[in-house]
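The values are calculated or read from the model by the stated rules, or taken from the named source; none is laboratory data. What you see is a predicted model, and the numbers here were worked out from it, not measured in a lab. Using ideal geometry, Cβ is built from the backbone for each residue, glycine included, and neighbour counts are taken over all protein chains shown. Quick note on the areas: whole protein, heavy atoms, side chains included, nothing else; ligands and nucleic acids left out. Shrake-Rupley method; radii C 1.70, N 1.55, O 1.52, S 1.80 Å.
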Amino acid sequence: YNLRAAMYHKKAENHVKKAIEAAPGNVENYSLLCEATNGVVWDWNIVNHHSLIEYYYELIRKHPTTTIIYIWLIENLIADMRLDEAEKMLSNLESIDKSIHIYRFKGNIALKRGDIDNAEAIYSEMINVFSDSWQALSYFADFYANLGQYNKALELYKKAASLQASPRLIDNYLCIAHISEIEQNN
């Protein structure tokens, strides 16, 4: 069903782009393009993850030691700037799991709080602790990419790709390509 939905979104994107070309002043078409492409919407009531967060909380009540649930819950809490809740859930996660995600979430929470220096220090510590992890390098690269520091991000994405065992995922290479396109447009 998700694949079918993605195909319908792509079809909708193609049609609405034609509609925009035909009537570039029609505001509704831009909303439709945004919906089809998962574009940016400022309306908090539309973009918050309240119902998904509640679902994850309910899952944790049923499965309190399943780490993946915490990971998805914390991701959504951070995205919605529910940082105090995210820290509480991170503490719960840390009591059952000592993985790379602890550092990543601590860094992301610091970043969302506007403490870029602390976030960078947390990410630096992460790559020291997990020095052989391509994921640690990718997460640190994501940090820099989100700050628009593309040169630092590129360096880390390339290192991450070189550490990854074969067959490699393409994520690092896609990030390198996206940054190259962004830099070419500047």
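Here are a few things to note about the model shown:
- Search result, residues across region 123-136 that are under 17 Å from N108 (Cβ atoms), open to solvent by 20 Å² or more (accessible area, probe 1.4 Å) and in a helix (DSSP H, G or I): S124, E125, I127, V129, Q135
- Qualifying residue in region 81-101 (condition: closer than 15 Å to Y139 by Cβ and not in a helix (DSSP H, G or I)): yes
- Residue within region 101-124 that is modelled with pLDDT under 95, closer than 30 Å to Y56 by Cα and of a type in the set (V, I, T) present: no
- Note on region 35-44: residues that are open to solvent by 100 Å² or more (accessible area, probe 1.4 Å) and among the polar types (S, T, N, Q) amount to 1.
- Taken over region 50-83, the criterion of being touching a residue at least 24 places away in the same chain (Cβ under 8 Å), in contact with a Leu (Cβ under 8 Å, 6 or more places away or on another chain) and open to solvent by 30 Å² or more (accessible area, probe 1.4 Å) is satisfied by T67 alone.
- Of all residues in region 162-186, those that are in a helix (DSSP H, G or I), surrounded by fewer than 20 Cβ atoms within 10 Å (Cβ to Cβ) and at pLDDT 90 or above total 12.
Residue by residue, here is whether (1) part of a loop (DSSP other than H, G, I, E, B); (2) touching an Asp or Glu at 6+ places or on another chain (Cβ under 8 Å); (3) within 30 Å of E85 (Cα to Cα); (4) open to solvent by less than 100 Å² (accessible area, probe 1.4 Å) holds:
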position	(1), (2), (3), (4)
M7	no, no, no, no
H15	no, no, no, no
E21	no, no, no, no
E28	no, no, no, no
L33	no, yes, no, yes
I46	no, no, yes, no
